1. What's the number of the condition residue 114 fails, among (1) more than 13 Å from the chain's Cα centre (by Cα); (2) not in a helix (DSSP H, G or I)?
2. Consider residue 150 carefully, then state whether it is under 44 Å from the mean Cα position of the chain (by Cα), surrounded by 10 or more Cβ atoms within 10 Å (Cβ to Cβ) and in a helix (DSSP H, G or I).
3. Got a number for residues in region 18-46 being free of Cβ contacts under 8 Å to residues at least 24 places away in the same chain, assigned to a loop (DSSP other than H, G, I, E, B) and surrounded by 15 or more Cβ atoms within 10 Å (Cβ to Cβ)?
4. Restricting the search to region 193-207, which residues are assigned to a loop (DSSP other than H, G, I, E, B), surrounded by 13 or more Cβ atoms within 10 Å (Cβ to Cβ) and at pLDDT 70 or above?
5. Which condition does residue 143 not pass, out of (1) over 13 Å from the mean Cα position of the chain (by Cα); (2) not in a loop (DSSP other than H, G, I, E, B), if it passes all the others?
6. With the condition kept exactly as written, say whether any residue in region 129-150 is under 24 Å from residue 247 (Cα atoms) and touching a helix residue (DSSP H, G or I) at 6+ places or on another chain (Cβ under 9 Å).
């Protein structure tokens with residue numbers, strides 16, 4: 001579980017305004033949904049990369065804040081989270097490569113939210129239809145042969161009739177809506193990709209093969225996506241890796257949801 005053990009006093013790197021930062025005793029990375037573009041719906045830990053907005057209007061990353069090495073009191077405010085509508089401003093005003101990467105990454109995910117809604121509706125309908133087909137096929141092979149008297153007795157005893165067993169996972173098809181990113185999405189993804197692939201002199205940004213593969217995939221560059229994905233070491237090939245790999249083999253370009 002995520003456990004907070006206090007707050008530390010920090011100062012923004014722009015105008016030295018004092019804020020507080022959470023100190024965690026333990027962390028829990030659970031979420032309701034995991035997506036291949038890195039979005040986690042209902043996550044118990046922030047997934048915004050620490051992007052914040054100072055009261056002076058500047059943007060900064062929590063890791064760039066000045067640690068005052070002092071405990072913060074309750075009256076000290078948190079720095080403001082950056083809303084999706086403010087991400088273009090954060091991008092345009094980014095004064096470091098690291099900040100622009102985080103802002104563009106958050107913008108990439110935010111612009112994918114409308115597709116997520118279509119995806120959920122599509123998958124819910126497909127699963128409902130598959131369950132109905134499974135139940136109908138089972139009932140055709142296993143018709144209710146009870147007579148009227150037996151049905152009446154079972155109703156009195158509150159004994160439910162036999163029901164189909166749980167639908168096997170491979171019975172339902174897996175399809176997703178078409179992914180058609182807008183010009184703004186394509187431009188942002190391409191710029192983010194360029195930033196991630198540019199050599200980092202201070203090594204502040206580690207190369208994430210899966211994220212780069214996902215960007216190539218979304219831009220329709222399947223071969224480059226697979227080439228980058230396969231650079232992931234065997235011990236790091238997690239469920240996100242498998243989901244991206246499946247998409248590339250099936251020709252899917254949009255983000256997909258998976259269970260962790």
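1. (2)
2. So residue 150 fails the test.
3. 1
4. 200, 207 - these are the residues of region 193-207 that are assigned to a loop (DSSP other than H, G, I, E, B), surrounded by 13 or more Cβ atoms within 10 Å (Cβ to Cβ) and at pLDDT 70 or above.
5. Evaluating residue 143 over (1) over 13 Å from the mean Cα position of the chain (by Cα); (2) not in a loop (DSSP other than H, G, I, E, B) leaves (2) as the failure.
6. There is no residue in region 129-150 that is under 24 Å from residue 247 (Cα atoms) and touching a helix residue (DSSP H, G or I) at 6+ places or on another chain (Cβ under 9 Å).
Residues are listed down the side, and each one gets a yes or a no for (1) in a strand (DSSP E or B); (2) surrounded by 17 or more Cβ atoms within 10 Å (Cβ to Cβ):
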{"residue": "7", "(1), (2)": "yes, yes"}
{"residue": "16", "(1), (2)": "no, no"}
{"residue": "70", "(1), (2)": "yes, no"}
{"residue": "101", "(1), (2)": "no, yes"}
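The values are calculated or read from the model by the stated rules, or taken from the named source; none is laboratory data. Not measured: the values here are computed from a predicted model. Please note: Cβ atoms are built from the backbone with ideal geometry, for glycine as well, and neighbour counts cover all protein chains shown.
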